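Report on the following structure.
What follows is calculated from the coordinates using simple rules that are stated; it is not laboratory data. Here the structure is a predicted model, which means the values were calculated and not measured. Positions of Cβ are generated from backbone atoms using ideal geometry, with glycine treated the same way; all protein chains shown enter the neighbour counts.
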Amino acid sequence: MIVAGLGSRGREWARELGRDASFRLVGCVDVNDEALAWASSSGVPRDSCFKDLGAALRALECDAVVVATPAERHAADCEAALSYGRAVMVEKPFTTILADAVNLVRLAERRGVPLLVAQNYRYMRAFRTARRLILEGALGRVGAVVCQYYRVPHLMAPSLARAEHSALWGMGVHHLDALRYVLGRNVERVAAESFTQPWGELPRGGSLRALLTFEGGARAFYSATYESSGHEYFEGGQEFYARFVGERATLHVFHRWLVLCERGRWPRIVRRGARAETEERTLLRQLSAALSSGAEPEVSGRDNLQTMAVAEACLKSADTGAWVSPQELLKASDGI
């Protein structure tokens, strides 16, 4: 494996690879000298540390590349790795433009190499448990979902801090993908607003609110903000809440706590179970299976086109004030 991009997520991937005997980190890529010095001090040979991914791909033998560079670099870096016939695990967001994501999926399929998007939130225990309860029918049919995320102003990665729509690209793609996974349904319509508070310091889009209609008619309200205040000392300055309203029960998710409220019964805590492995390890298992046996990953690039279409629908709706269909955007991009 090569890891391209040694910010916080890239370093997490490097450490995860070091803990797993199934993988070997053979090289790192970053434009920053200090980041490359960190890689060298972590055991990567200095002559296997590069400032350019193309140079690393020409010099090193590898099976796959983790792309953890800034979001605006994802399309170019994924294309470089796929063009060399290397599998790719790209950090979220897949890209920032749906058409770029579609082109990368086509390229991966032409080259016959796996392309995965590291949407790890869907594998967090709270979301996994919610998905299990819904699949088991504990809630009956789900008709409404409310999902809210709040974070205080904080030091952000420079690429995210300078980007428009940071709430969407920073957290929204995580949660929107997780909702797709938990409900097992795609989104048919979106109405959204991406904005920054009058007192905010971020570019447009430090906050987001969206209405979603899923296949089968379930409606969702989603909101996320990096401009909340007054809870700096609670959960590290972050708050998360989700409510899944079904015909027989409602499930509340508050951080690590899940409370199931069934009709005619007292509310009860639902335990998430032990964390058998990290979310990153789950993703690496999918990559390994895709490389060794051709198994289709749950987080394939093609699957993630649905999440990318929802994100693009949010942006288009925020610009026009109209409802937008992610499925129509996919058809227009020939993505399905």
### Task
For residue 15 and residue 109, calculate 0.36 nm times their separation in residues minus their Cα-Cα distance, and state this gained length in nm to one decimal.
30.9 nm
### Query
Between the DSSP loop rule and a limit of at most 12 other Cβ atoms within 10 Å, which trypsin sites (Lys or Arg not before Pro) in the range 177-211 are left?
none
### Query
Assuming R0 = 45 Å, what is the FRET efficiency of residue 135 and residue 52, from their Cβ-Cβ distance, to the nearest 0.05?
0.50
### Query
Would you list 174, 252 from fewest to most Cβ contacts within 10 Å?
252, 174
### Message
To test your reading of the geometry: what angle, between 0 and 90 degrees and rounded to tens, separates the Cα axis of helix 279-293 from the longest principal axis of the chain?
### Response
60 degrees
### Mean ellipticity per residue at 222 nm, deg cm²/dmol - from DSSP H runs of n ≥ 4 across the chain, formula -39500 (n - 2.57)
-11000 deg cm²/dmol
### Modelled FRET efficiency - R0 51 Å, residue 322 with residue 40, Cβ distances, 0.05 increments
0.50
### By average C-beta atoms within 10 angstrom, highest first, the peptides 291-299, 71-79
71-79, 291-299
### Query
Going by average Cβ neighbours within 10 Å, how do the peptides 134-145, 238-249 rank, with the highest at the top?
238-249, 134-145
## Note on the structure
Residue-ordered couplings for the range 87-103, obtained by feeding phi - 60° into the Karplus form 6.51 cos²θ - 1.76 cosθ + 1.60 and rounding to whole Hz (Gly and Pro as x), are 5, 9, 10, 9, 5, 6, x, 3, 9, 9, 9, 4, 4, 5, 4, 4, 5
### Message
Straight-line reach only, C-alpha to C-alpha below 18 angstrom: list the lysines that residue 316 could link to, leaving out same-chain residues fewer than 8 apart.
### Response
331
#### Entry: Helix 301-320 axis, angle to the chain major axis (alpha carbon atoms, nearest 10°)
60 degrees
### Query
Rounded, prolate or oblate: which fits the range 125-269 when a ≥ b ≥ c are the square roots of the eigenvalues of the alpha-carbon gyration tensor, with rounded for a/c under 1.5 and prolate only if a/b beats b/c?
prolate
### Query
Based on the Cβ-Cβ distance from residue 265 to residue 211, what FRET efficiency comes out when R0 is 45 Å, to the nearest 0.05?
0.90
#### Entry: For the range 27-91 versus the range 150-210, the gap between their alpha-carbon centres in whole angstrom
27 Å
### Task
Taking amide H positions as placed in the peptide plane 1.01 Å from N, state which residues far from residue 246 in sequence (5 or more) or on other chains have amide H under 5 Å from it.
143, 251
### Query
Which order results if 282, 320, 96 are arranged by neighbouring Cβ count within 10 Å, fewest first?
320, 282, 96
### Residues 308, 171, 89, 124, sorted so that the one with the fewest Cβ neighbours within 10 Å comes first
124, 171, 89, 308
### Within the chain: Cβ-based charge dipole about Cα centre, in debye rounded to nearest 20 (Lys, Arg +1; Asp, Glu -1)
1280 debye
